[in-house]
Amino acid sequence: MKTAQSIITICLLITLLISCNQQKKQNTVTFATSKNMWCGLGLIAYDKGYFKEEGLDAKISYLESGRYCLDALVSNSTDFATIVEVNISYFGFTGNKSVIDIASLVSSTSSGIIALKSRGINKPEDLKGKKLAFCPGTTSDIFANRFIEKHGIKATEVNLQKIQPLAISSAVISGSVDAASTWDPHIFNISKTLGEDAIVFRDPDAYTGYLTLAVRKDWAYANNETVISFLKALKKADLFAKAHKEEAQLIVSKMINLDIDVVKATWDLHNMELKLDKAEMLKAVNSQGIWINQTMEEYTDKAIPNYSEYFDSKFLDELNSSK
Amino acid sequence: MTNDIKKWFLKVVKTLGGFVVVLIIWQFVHSLSLLEPTLFPSPKRTFETLFNIIAAGNILLDLSVTIIRMLAGLGLAVIFGVIFGLSIGLIKPLYESAEGVIDFFRSIPVTTLYPIFVLLFGIGHSSKIAMVFWASFFVIALNTAYGVIQSTKVRRKVAKLYGASNIQIFKWITFFDALPQTLIGIRVAISFSLIVEILCEMFMGSEYGIGQRITESFTTYAIPELYALILLSGILGFSFNRLFVVFEKKLVPWVGKL
C-alpha cells in the first residue's frame, strides 16, 4: 500500500514539475539560439532592443547547437528556435510535423576543409589516402562527402576520422589528422595558428548551409501577431546589419564573445538576410534527405519525408504585405 | 525448502522492485505524453530497439572498443595508483607533501583537460586511455594511501615483537589491512572510468565506441537508438560494478566479519 502511495506521489510530482516548466508568462517570448555568427540577426535584434520595440519581452536561451534548439522547441521549452537545415533533414524522418520553418536568417558558405600542406595536400585531389576528420551527422559530414565526391574521390579512398567539433582544432594543429572538414571560426583560428602550413578548400556549390527560424506550428498559428512582431524585429536587425556593417560586427563579437578580427574576417561568408526561398530550402533539405536515406543504416528503410510540410512562408508574406 | 524459496523470491522482488518502479514511471510519463513522444520513446520501443541493435551484431565492435579502452586506462591506474598510494601511505612526509597536489588535480574535471590530452596523445585510443587513467589514478592512489594510514598499529607492533622484518610486516599486515580501502577506490574508479571513456568518445569523437554511437544517434535524430544505447551503457556500468562486488567478496572475505 505504502509502495503504491509512493509511486503515485512520485508520478504526481513529475507531472507537476513538467507542467510548471511548460507554463509561460504572457507577452514574453522565449528564443533558443546559439552563440555563433550564424545567429547574428537574432543577437543584433536583441542587443538593439528591436524585440522590445515590437512589444516583445524576448528571453534568450543559448544552446550549443541547432539540434538542441530544435529539441527545446519540440518539447515546448521555447517559442522560437534557430536551427540549421540539416536538423530539418533528419527531423523529417521522425514523422513529427509539429515544427515549421518560417524564415531563413542566413545562408552560409563558412564550411570548408582545412588541410596541412606539410602532409602533401596542395589541391583537393591530394586528399586521397589522407586522414580527414569530420563530425558525423553535421554540416561537416555533408560538406566532406560532397567535396571529395566532386573531386573524384570515393569515400573509401579517404581515411575518414569521426571527431567532435570540440576536438577538431587540437586534432589538426597537433597533426593527428591531415585535414578536417569544419566551419568558421574553427577554420580561421586553425589557419591563424598553422600559418603557411594551412590550406583551405571552400566550395559554396558543394554545400551552402542555412540557419532558419523555426516555431511550433500550432503555437504560431494561435499567436500570429506575436510571430509577425518577432519577424519585424528580425527585419529591423537585417536592415541594420546591412546599413551599419561595422557596428553589427561589434555587436555580434560582443554577444558571442568572439574576437572582432575573427568576426570581420569571416563576416562575408555569412549572408544575413531575412527571407524564405521555399524552393531553395526544399532543394537543400531534399538532397540531404536522399543522402541520409542512402548512407545511414537507420534510415535506409524509411521513405524520404515530404519536406514541403516543414516550410511555411505565410508569416513572412504577411510581414511583407503589411509594409 | 518452502522458506528458502520464499527467501529467494523476496530477494528477487527486492532486487528487481526498483527497476520495475522506474519502468512504471517511464511508461506513465510516455503514455500521458508528459514529454514529447518524438523525443522520448516508450520502454517497449526502447527495449525492442536494444534487442535489434544487439541482434544486428555491429554494436559488439563499439562495445569492445569502449570496454578495452576503459580497462586499459583502469588497469594502468590500478598498477600505478596502488604503487603510488602504498608509497605515500608508508612515508608520512611524502603523503603530506603529495596530498595537496593530488587533491588539486583530482578536483579538476578530467573532461575539461581534453585539449591537453589531444595535443599530447592525438585523437586515437591513447588520449582516451590517458584520460581514463587520469580520472582513476587519483581515486585509487588516495584510497590506497588512506588504507595504509588507517591500518592497525597493534598488529604491526605484535609482528615486530615476534621478530618480523619490515618487508614481512608490509607484505603480510599493512598490505592486507589497506586492501579493503584500496578495493573501495578501485570500485569507485570503475564507475569513473566508464563515465570518462564514454564522455571522451562523445566529446572528442571516435571511430567506434558506445559514446560515439550515442552522439551520432542524438545528432541524427535516431531517438529510439539513442535511448537503447543509453540503456546499454547503464547495463554495462551496472554489470562491471556487480562483477567487482563478487570479486571483492572473494578477495577480502573478512571485511565486515571481524
- Task: Within the range B:153-169, count every residue that is modelled with pLDDT under 85 and within 20 Å of B:Val82 (Cα to Cα).
- Result: 1
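The rows are residues; the columns are (1) in the same structural domain as B:Gln181 (by TED's automatic domain parsing); (2) of a type outside the set (D, E, K, R); (3) more than 23 Å from B:Gly205 (Cα to Cα); (4) touching a residue at least 40 places away in the same chain (Cβ under 8 Å).
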site: B:Tyr95; (1), (2), (3), (4): yes, yes, yes, yes
site: B:Ile102; (1), (2), (3), (4): yes, yes, yes, yes
site: B:His125; (1), (2), (3), (4): yes, yes, no, yes
site: B:Lys128; (1), (2), (3), (4): yes, no, no, yes
site: B:Val132; (1), (2), (3), (4): yes, yes, no, yes
site: B:Tyr146; (1), (2), (3), (4): yes, yes, yes, yes
- Does any residue of the range A:224-243 turn out to be at pLDDT 90 or above, out of contact with any Asp or Glu (no Cβ under 9 Å at 6 or more places or on another chain) and part of a loop (DSSP other than H, G, I, E, B)? no
- Of all residues in the range A:132-172, which are over 20 Å from A:Tyr299 (Cα atoms), away from chain B (no Cβ under 14 Å) and not acidic (Asp, Glu)? A:Phe147, A:Ile148, A:Lys150, A:His151, A:Gly152, A:Ile153, A:Lys154, A:Thr156
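Table: residues versus (1) farther than 30 Å from A:Ser287 by Cβ; (2) more than 10 Å from chain B (Cβ to nearest Cβ); (3) at pLDDT below 95.
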position: A:Lys2; (1), (2), (3): yes, yes, yes
position: A:Cys11; (1), (2), (3): yes, no, yes
position: A:Ile14; (1), (2), (3): yes, no, yes
position: A:Gln26; (1), (2), (3): yes, yes, yes
position: A:Ile60; (1), (2), (3): yes, yes, yes
position: A:Leu73; (1), (2), (3): no, no, yes
position: A:Ala81; (1), (2), (3): no, yes, no
position: A:Gly95; (1), (2), (3): no, no, yes
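Considering only the range B:119-163, state which residues are part of a helix (DSSP H, G or I), of a type in the set (Val, Ile, Thr) and closer than 28 Å to B:Pro93 by Cβ.
So the first thing to find is which residues in the range B:119-163 are part of a helix (DSSP H, G or I), and the list is B:119-121, B:125-150, B:153-161.
Keeping just the survivors that are of a type in the set (Val, Ile, Thr) gives B:129, B:132, B:139-140, B:144, B:148-149, B:154, B:158.
Answer for the range B:119-163, where residues must be part of a helix (DSSP H, G or I), of a type in the set (Val, Ile, Thr) and closer than 28 Å to B:Pro93 by Cβ: B:Val139, B:Ile140, B:Thr144, B:Val148, B:Ile149, B:Val154, B:Val158.
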- Task: Quickly run through the range A:179-194 and pick out the residues that are surrounded by fewer than 24 Cβ atoms within 10 Å (Cβ to Cβ) and either modelled with pLDDT under 85 or not β-branched (Val, Ile, Thr) (or both).
- Result: A:Pro185, A:His186, A:Phe188, A:Asn189, A:Ser191, A:Lys192, A:Leu194
- Test: B:Leu236 is in contact (Cβ under 8 Å) with a residue 12 or more places away in the chain, under 22 Å from the mean Cα position of the chain (by Cα), more than 30 Å from A:Ala133 (Cβ to Cβ) and assigned to a helix (DSSP H, G or I): no
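Given the options A:Asn271, A:Asn257, A:Asn286, name the one that is of a type outside the set (A, V, I, L, M, F, W, C), under 16 Å from A:Tyr46 (Cβ atoms) and either in contact (Cβ under 8 Å) with a residue 12 or more places away in the chain or outside the structural domain of A:Phe51 (by TED's automatic domain parsing) (or both).
A:Asn257
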- Please indicate, with yes or no, whether at least one residue in the range A:110-131 is under 30 Å from A:Ser229 (Cβ atoms), in contact with an Asp or Glu (Cβ under 9 Å, 6 or more places away or on another chain) and within 14 Å of another protein chain (Cβ to nearest Cβ). no
- Query: Among the residues of the range A:261-274, which ones are over 14 Å from A:Pro185 (Cβ atoms) and either hydroxyl-bearing (Ser, Thr, Tyr) or surrounded by 18 or more Cβ atoms within 10 Å (Cβ to Cβ) (or both)?
  - Reply: A:Met272, A:Leu274
- Does B:Pro41 fit the bill of being at the interface with chain A (Cβ under 10 Å from one of its Cβ atoms) and not in a helix (DSSP H, G or I)? no
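The values are calculated or read from the model by the stated rules, or taken from the named source; none is laboratory data. These numbers were taken from a predicted model, which means no experiment stands behind them. Glycine also receives a Cβ, built like all others from the backbone with ideal geometry; neighbour counts cover every protein chain displayed.
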